[in-house]
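Structure, as structure tokens:
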Amino acid sequence: MENRFEHIDETIARVLSGEANFRDKNLLQEWIALSEVNKNTFSASEKLFLQSKNVKHQIPVDTDKAWMKVKSRMNVQENDAKIISINSRPWTSFLRIAAILAIVGGLSAAVYFSLAPAKMVNDKIISSADVIVHEILPDGSSITLNKNSSLSYSSAGYGKARIIQLKGEAFFDVKHDDTKVFAIEAGELKIEDIGTSFNVNANPAAKNIVVTVKTGEVKITANGKSEINLVVGETADYNSETNVFVKSLSEDKNITAYNDKIFVFDNTELQVIVKLLNEVYSQNIVFQNDDLKKCRLTASFNNETLDSILGVIAETLQLQVNKTETEIKLNGNGCK
């Protein structure tokens, strides 16, 4: 007995691409009326076609090769039975319809394959816990994770799209590649490198995300809508509750000290200095005399040891430094 719907997938392709005759249209209506599965298969095919029509830049494709690739995935052999049960294998038939649409309608193969992309899993995770972590990414870019921070990315997809999810704070020194965007996703923000090094502080517990550019330029997008660019020395403070950016010149010269151990103190209170040194060097520096906290210091240090820094502070402010197994004690008579 003749199967009138044996080539219904080709009929669907002709109807959607505007090449069907009156008989094709009637046959399609009969087939759709047979079952809910048929109706859903046609709707999915129609959606594919409409999305493909909106593609602005067509990609040249070898349609014969594309169809052969789909056939191989479907495990269809030349000697298979000629009658295909479209009701029993709706997804398989939809793949065939999609491939025929690409051939009949001249659609972009990229649209078809993008409808069912392989999900990229962020299998590479770097976390810092209570220590600062330095890592080199697969493309040669370097990152420094501040304490209690983490980032993740797909090791399989990183070669195509350098997309990283960040929680906490990290400094990025990006190896620029014009063919591959480097992007950080932090909360609602997407931060794209334009040849630069920059710091991102996206503490999940805070409502603000702060981005500071050290070299080059970055583009920041919030929720895929509002967008700003930052250049050297600029900071953007984004409030996730109000969805508002505040852009300014960076006043904190030590924001990346955890990365490079470069400190610049300009008449800075000693209690502020000690807090920062404790964070960067993972130490416990304490005051034996609280009057010392208000002492002020003007000095700069470039990747020096903690002992060297404390030696300069003690010499400048006439302090004594006493070390124990658990802490470093600062003592003195206060500021004169």
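Miscellaneous remarks
- Check on Ala236, aliphatic (A, V, I, L, M) and either touching a helix residue (DSSP H, G or I) at 6+ places or on another chain (Cβ under 8 Å) or surrounded by 18 or more Cβ atoms within 10 Å (Cβ to Cβ) (or both): yes
- Among residues of the range 119-142, those that are outside any strand (DSSP E or B), more than 20 Å from Gln283 (Cα to Cα) and open to solvent by less than 60 Å² (accessible area, probe 1.4 Å), counted: 5
- Within the range 202-226, the set of residues being charged (D, E, K, R) and either open to solvent by less than 60 Å² (accessible area, probe 1.4 Å) or closer than 12 Å to Val246 by Cα (or both) comprises Glu217, Lys219.
- Of the residues contained in the range 279-286, none is found to be in contact (Cβ under 8 Å) with a residue 24 or more places away in the chain, in a strand (DSSP E or B) and not β-branched (Val, Ile, Thr).
- Search result, residues across the range 204-214 that are outside any strand (DSSP E or B) and under 16 Å from the mean Cα position of the chain (by Cα): Pro204
One line per residue, one yes/no per condition, for (1) within 18 Å of Ile126 (Cβ to Cβ); (2) at pLDDT 90 or above; (3) outside any strand (DSSP E or B); (4) in contact with a Leu (Cβ under 9 Å, 6 or more places away or on another chain):
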site	(1), (2), (3), (4)
Thr144	yes, yes, no, no
Ser155	yes, no, yes, no
Gly168	yes, yes, no, yes
His176	no, no, yes, no
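- Taking the conditions (1) small (Gly, Ala, Ser); (2) under 30 Å from Ser197 (Cβ atoms); (3) modelled with pLDDT under 90 in turn, Ala257 satisfies each one other than (3).
- Residue selected from the range 309-336 under the condition without any contact (Cβ under 8 Å) to a residue 40 or more places away in the chain and part of a loop (DSSP other than H, G, I, E, B), by the criterion farthest from Lys261 (Cα to Cα): Lys336
The values are calculated or read from the model by the stated rules, or taken from the named source; none is laboratory data. The structure presented is a predicted model; accordingly, all values stated were derived computationally and were not measured. Because the Cβ atoms are built from the backbone with ideal geometry, glycine has one as well, and the counts that use them run over all protein chains shown. Each accessible area value is taken on the protein alone, full model and side chains, heavy atoms only, with ligands, DNA and RNA left out. Shrake-Rupley method; radii C 1.70, N 1.55, O 1.52, S 1.80 Å.
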